[in-house]
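Coordinate-derived values only; no laboratory data. Here the structure is a predicted model, which means the values were calculated and not measured. Virtual Cβ from ideal backbone geometry, glycine too; neighbours counted across all protein chains shown.
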Amino acid sequence: MTGKIGVCLSIAGPGTVHLLNGLYDAKQDGVPVLAIVGQVFSTEVGTDAFQEINLERMFDNVAVFNQSAVTAKQLPDLLNMAIRTAYAKKGPAVLNVPDDLFAETQTYEHPLTSIGYNNFLFQVGWQQWAQGYLVRLLRKSPILTNR
């Protein structure tokens, strides 16, 4: 394993189903993977069209990121989010894209998402936070640490 992200692409229908085994292996091994998954045309999503699958439900258990693009304008930001999440959570990120969205011309004016990704190493409960806040309020001088 290189630690770098693996990328795979599938068409709608059966091609998508065949990705599941590999994505479960990546999840088990903690390997970042970006799966760009085809879907029927955006005008046919939700109509039970030929080879339409509920992709969000199918990948929900395996993916650390599982989103569907609704417009072409979302693609750059969703790709960015998927890649960052795959690296941060060390697992498969799935981006579902209707086939017609890739044919649209893109102009990337400004990002819709944040430029950073915060992966917290620990979480502080509200009691610890309140205690720390009160200690800081009661101090007359700033908190200094010596490391």
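If neighbour count is taken as other Cβ atoms inside 10 Å, put Arg84, Arg57 in order from fewest to most. Please list the in-between numbers first.
Numbers: Arg84 19, Arg57 9.
So the residues, fewest neighbours to most, are Arg57, Arg84.
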Cβ-Cβ cut-off under 11 Å around Ile5, Lys and Arg +1, Asp and Glu -1: the net charge is +3
